[in-house]
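To keep things clear, I will list the structure first and then write my remarks on it.
The values are calculated or read from the model by the stated rules, or taken from the named source; none is laboratory data. If you're wondering where the values come from, they're calculated on a predicted model, not measured in any experiment. A quick note on method: Cβ atoms are made from the backbone with ideal geometry, for glycine too, and the neighbour counts reach across all protein chains shown. Heads up: the accessible areas ignore ligands, DNA and RNA and are worked out on the full protein's heavy atoms, side chains in. Shrake-Rupley method; radii C 1.70, N 1.55, O 1.52, S 1.80 Å.
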Amino acid sequence: YGYAPPSGCGTHWAKVVLEADFSVNARRQYDRPASIWLGGVNLYFGTTEEPSSTVGPNWHVERDLTDYSALLRNAGQGQAILWNLVDGTYTGVIHGSARLLFYPASARPPAPRVPDEVIPLGGDPVGSVTNLSTPADQLSKTLTLPRNVVHAYLDVFAQSQNADEFWYTCVPDQYAGQVDECGGGNFREAEVSIDGQPAGVAPVYPWVYTGGIDPYLWRPVTGVQTLNFMPYRVDLSPFAGALSDGAQHTVAVSVAGASNYFSTAATLLVYQDGRSRQVTGSVTRNTLAGQAPVPTISSMLDGSGNGDITTTLSRHFTIEGYVDTSHGRVRNTVEQTVGFADTQAFTINDTTYRQVTDQTTSMEGSSRSSDGASYMQRVRYPFHLDYDQQVAADGSATVATTVKQGYRLDRSVGFAVFPLYADKVDNTVSSADTLDFDASGNFTGHTGQASSQTFDYRDSLGGCYRTDVASAAGAVTAYSTGKGCPGRQNGVYWFSHPDGSPYQGDNPLPW
């Protein structure tokens, strides 16, 4: 498609939001990846819902794109990609439409400070994902940046596909045959590098799609972010001075543990010194270099495959650099602690195959600049999967599955040690279902479907958004909004990011 900026709406906006609506008719179909691009930059990334023979779902998603305003000021070419297979067996047809909403700036609300350049890492000038099948594969771009970069950030998506779709259930190769599971281990993490030097880390979320594990788990309540992924923003500001030297530099993303494959996308956001055509600086400290993403693995399996496998990794690193700008030397410091802990418990005998996965991915740290701006962030991705297969004496079987997911994000911004604004997102999902099979392995039905989801957003100024939904036997049984909010009413400020989309820049506040 061809894109042109909105006429009569100026070139600086208080807020820009992408809205998209999808539907699939009530027929047979799988879940599919979907994405929207402009000039090589990702504007939306998610998956679709699987329909049933009697229910054709429709859904609405939104993503805050205010930080991408520099891209949206210029005309360009884009594309929407909605993969699907329609034939005599798979007859479900997926439809999608999208629009951008531009909110004009005024004295209240003003246009926020946004990146001066928005640069895609992919090689497709219109836009598409890059698939990484091994840890050595990279999404990368070699480029020459402006010579006055003060801050830089990278928005990263890493979505598991194909054999890696259920990476969180995999085990180290040496145990795969013993417990009848996929190999390759269950640690995944996105690594960011500049000119081959480690520059940052993006944790990978264990997204579960609507066809995942047991499709009835997600009808009608889908998993966390299943339909609308959020990128993880990596702060590359300590490298700003080095990136401004006029030479070519290669920025790359890889996925530690990738095993065919991860679909990736990344966008570089650059803030420039508007009063100087050239800045100088360098990286002065990087303790991430030399800390390879190699987890510690231990096993307490017995000869029959019963017992636990644990996988852990913890890294703490500091990256520092400086930039000599028009307003003096600015020192940028990124300090983070990365954690990964996973335990898989197996019970295997003639009548039982049970795998219980408990996994937590975490990232906690800060970004500080000597001019006073500071940003603190903590993310936690708890994930629990209980897969319990039981075989009866007549050969029939049941598979009972429980999945619990969480997405917890805490952020604060301020000057030095004085916080000025904070917000948090807490999204949880709990789903259960049991599949029934006859002695020939034919699916005969399912029972006990139940699910619940809570999305809770709050900020330090009283902004609040809360929604709860529950289902049983495939139908919504309860729905409420505003629980715990003032007057039991949802209400957020124009500058907030209740969707969990990243905000961060050389501005100490998100507006």
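Overview of values
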| read-out | value |
| --- | --- |
| Three-way shape label, segment 446-510, alpha-carbon gyration tensor, a/c 1.5 | oblate |
| Contour excess over end-to-end distance, with Cα ends at ARG73 and SER97 and 0.36 nm allotted per residue | 6.5 nm |
| Under the Debye formula (equal points on every Cα, no solvent term), log10 I(q)/I(0) of the chain at q = 0.11 Å⁻¹ | -1.00 |
| Cysteines in the chain that, by Cβ-Cβ distance, have no pairing candidate under 4.7 Å | CYS9 |
| Ordering of 325-334, 294-303 by packing [mean C-beta count within 10 Å, highest first] | 325-334, 294-303 |
| Between segment 27-67 and segment 97-171, the Cα center-to-center distance that results, in Å | 17 |
| Counting all C-alpha pairs of segment 80-159, share separated by more than 20 Å (%) | 63 |
| Cα→Cβ-extended label distance, 7 Å offset, between ASP302 and CYS9, nm | 6.5 |
| Relative contact order (%) - criterion: Cα under 8 Å, at least six apart; region: segment 15-85 | 43 |
| Residue (of CYS9, SER452, GLN197) at the positive-pole extreme of the chain, dipole from beta-carbon charges | CYS9 |
| Percent carbon-and-sulfur accessible area, the chain, ignoring ligands, DNA and RNA, probe 1.4 Å | 51 |
| Stretch gain in nm, segment THR444-ALA163, where the contour uses 0.36 nm per residue and the Cα spacing is subtracted | 98.5 nm |
| Gyration tensor verdict on segment 23-165 (Cα atoms; rounded if a/c is under 1.5, prolate if a/b is larger than b/c, oblate otherwise) | oblate |
| Gain on full stretching of the segment that runs from ASP124 to VAL391 - 0.36 nm per residue minus C-alpha separation | 91.1 nm |
| Segment 265-379, dipole about Cα centre (Lys/Arg Cβ +1, Asp/Glu Cβ -1), debye to the nearest 20 | 680 |
| Efficiency of FRET between ARG329 and THR144 - r from beta-carbon atoms, R0 25 angstrom, step 0.05 | 0.55 |
| Magnitude of the charge dipole, the chain, Cβ model with Lys/Arg +1 and Asp/Glu -1, debye to 20 | 1960 |
| For ARG147, residues with placed amide H under 5 Å, excluding near neighbours | none |
| Average accessible surface area per residue within the chain, 1.4 Å rolling probe, Å² | 41 |
